[in-house]
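What follows is calculated from the coordinates using simple rules that are stated; it is not laboratory data. Quick caveat, the model's predicted, so the values are computed rather than measured. Positions of Cβ are backbone-derived with ideal geometry, glycine not excepted, and every protein chain shown enters the neighbour counts.
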């Protein structure tokens with residue numbers, strides 16, 4: 001449903017179960033600011049249609065035939081323009097969550113999410129940010145803090161840097177070359193703030209925040225916001 005004066009979020013829905021696919025399509029078509037541009041029956045179909053229709057976001061299930069949601073996400077994110085993906089699935093075990101995020105998904109919701117949560121996730125992801133179900137984010141952070149499951153650089157083993165430097169916040173900050181402002185931005189990311197909220201709190205522009213985030217990803221070797229959150233918790237930069 002279009003909102004006057006505002007471009008709708010163009011969404012492609014991918015789920016192998018027809019009743020779920022049709023139900024989601026109907027639900028989304030009734031939401032203000034959302035336009036369903038297509039539905040896909042599996043991962044292969046999702047990739048093919050997404051490359052043709054160029055949706056703003058693909059809303060995808062993970063367990064589908066021919067090409068599962070994780071592989072489809074990887075292909076979509078690797079496409080020339082990089083198509084944002086929000087996972088909406090009944091599977092929320094740690095391995096499934098991590099696989100989807102490693103593939104490049106920007107959002108992860110379980111199928112008990114309400115219409116408002118889904119709509120918010122679509123808008124947030126189209127804006128270039130990430131949206132994780134709160135329960136998923138807590139479990140993700142716990143899993144990453146307990147073990148190096150996403151390949152975070154220089155953190156495996158005893159909790160010390162490979163060169164023998166203690167892995168405390170200040171040591172990591174120096175080693176990775178983070179500036180004080182970058183550390184501030186990282187702390188706010190770990191607290192769950194959006195780019196706009198960080199900009200307001202730190203009295204800078206959103207463009208500046210995005211620049212800091214790009215630097216943080218490059219310096220820490222992170223491949224997304226979820227890994228930055230894990231990094232912050234692991235090295236004491238989260239409050």
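Each peptide in 40-49, 185-194 was scored by the mean count of other Cβ atoms within 10 Å over its residues; highest first, the order is 40-49, 185-194.
Taking 0.36 nm per residue of sequence separation and removing the Cα-Cα distance, the residue 113/residue 196 pair yields an extension gain of 27.5 nm. Provide the FRET efficiency to the nearest 0.05 for the residue 51-residue 215 pair, computing r from the beta carbons and using R0 = 25 Å. Taking R0 as 25 Å, the efficiency between residue 51 and residue 215 is 0.20.
What does the convex hull of the Cα atoms of region 1-122 come to per residue, in Å³, rounded to a whole number?
It is 89 Å³ per residue.
A straight chain from residue 26 to residue 127 at 0.36 nm per residue would run longer than the Cα-Cα distance by 34.0 nm.
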